[in-house]
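Q: Have a look at this one.
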Amino acid sequence: MTTCEHILQAQDPPPRTPEGCEECLAEGGRWVHLRRCLSCGHIGCCDSSPGKHATAHFHQTSDPVVASFEPGEDWRWCYVDNVIG
């Protein structure tokens, strides 16, 4: 795995909606996998989900790093540098 400064400096905020994607829950949508923003704790759905809310959150906020919010997965993704860490 490659690491970038964004991943090295990422925080560990609590999830804002531990039950699922914030936008999908509000809209009655569905998701495939979940991602947690490591700047603010936003929970969004992955790009395989219809809403792609994790990436939309990055475009709205510029928060650079998400982590998988799936049980048993322990990885982070930097949108700015396009690397996994």
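All of the numbers you see were taken from the coordinates with simple rules; none came from a lab. This structure is a prediction, so every number in the text was calculated from the model and none was measured. When we count neighbours, we look across all protein chains shown, and the Cβ atoms used for this are built from the backbone with ideal geometry, even at glycine.
Q: Scanning for something closer than 19 Å to G85 by Cβ and surrounded by fewer than 21 Cβ atoms within 10 Å (Cβ to Cβ), does region 16-31 turn up at least one residue?
A: No, that holds for no residue.
Q: Give region 1-57 a look and list any residue that's in a loop (DSSP other than H, G, I, E, B), free of Cβ contacts under 8 Å to residues at least 24 places away in the same chain and not small (G, A, S), or say none.
A: Selection gives Q9, E19, R30, W31, V32, C46, D47, P50, K52.
Q: From the residues in region 57-85 that are hydroxyl-bearing (S, T, Y) and out of contact with any Pro (no Cβ under 9 Å at 6 or more places or on another chain), which one is surrounded by the most Cβ atoms within 10 Å (Cβ to Cβ)?
A: S68
Q: Only residues that are part of a loop (DSSP other than H, G, I, E, B) and either closer than 17 Å to Q11 by Cα or touching a residue at least 24 places away in the same chain (Cβ under 8 Å) (or both): list them for region 58-85, please.
A: S62, D63, P64, F69, E70, D74, W75, Y79, V80, D81, G85
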